[in-house]
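Take a look at the structure below.
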Amino acid sequence: MERLILSEQNIINAICFYHARKKYVIPEQVEVELFYDDEEEQGFSAEASVNGQQQVFMTPDLIAALRLWIDEFLNRDPFAARIELLFDNDEGITAAIY
């Protein structure tokens, strides 16, 4: 698989899709905020909310959401992909998929 960079918006979309599936709602009902803390070991996280209920996603959850996105929207083998979350001051949080 050639290297592909997913934008911060695509990561948010992936989390919306992933969380919506778990909560049996449509992705448009999910609100997501991404976080990066360079002082934490697992620096990447997200908070998703549906109807006032919030759930925190840590790095493994973000990777799981991205694997579902890869499978459903990129039509690629999600388990053959290596996923690396990245942070850039200009681009925000992105994901490199190899």
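The values are calculated or read from the model by the stated rules, or taken from the named source; none is laboratory data. As the structure is a computational prediction, the values presented were derived from the model and not from experiment. Glycine gets a Cβ as well: all are built from the backbone with ideal geometry, and neighbour counts include every protein chain shown. What goes into the accessible areas is simple: the full protein's heavy atoms, side chains included, and nothing from ligands, DNA or RNA. Shrake-Rupley method; radii C 1.70, N 1.55, O 1.52, S 1.80 Å.
Within region 76-95, the set of residues being outside any loop (DSSP other than H, G, I, E, B) and either open to solvent by 30 Å² or more (accessible area, probe 1.4 Å) or at negative phi (or both) comprises ILE83, GLU84, LEU85, LEU86, PHE87, ASP88, ILE93, THR94, ALA95.
Taking the criterion of being farther than 16 Å from LEU66 by Cβ, open to solvent by 100 Å² or more (accessible area, probe 1.4 Å) and in contact (Cβ under 8 Å) with a residue 12 or more places away in the chain, the residues of region 13-32 that qualify are GLU28, GLU31. Does ASN89 qualify as being free of Cβ contacts under 8 Å to residues at least 12 places away in the same chain, of a type outside the set (Asp, Glu) and under 23 Å from ILE26 (Cα atoms)? Considered against the rule, which asks whether it is free of Cβ contacts under 8 Å to residues at least 12 places away in the same chain, of a type outside the set (Asp, Glu) and under 23 Å from ILE26 (Cα atoms), ASN89 comes out as no.
Considering each of GLN9, GLN54 in turn, give the residue that is assigned to a helix (DSSP H, G or I) and free of Cβ contacts under 8 Å to residues at least 12 places away in the same chain. The match here is GLN9.
Could you list, in sequence order, all residues of region 1-32 that are of a type in the set (S, T, N, Q) and in contact with a Phe, Trp or Tyr (Cβ under 8 Å, 6 or more places away or on another chain)? Talk me through it step by step, then tell me what you get.
Applying the first criterion (of a type in the set (S, T, N, Q)) to region 1-32 yields 7, 9-10, 13, 29.
Those that are of a type in the set (S, T, N, Q) and in contact with a Phe, Trp or Tyr (Cβ under 8 Å, 6 or more places away or on another chain): ASN10, ASN13.
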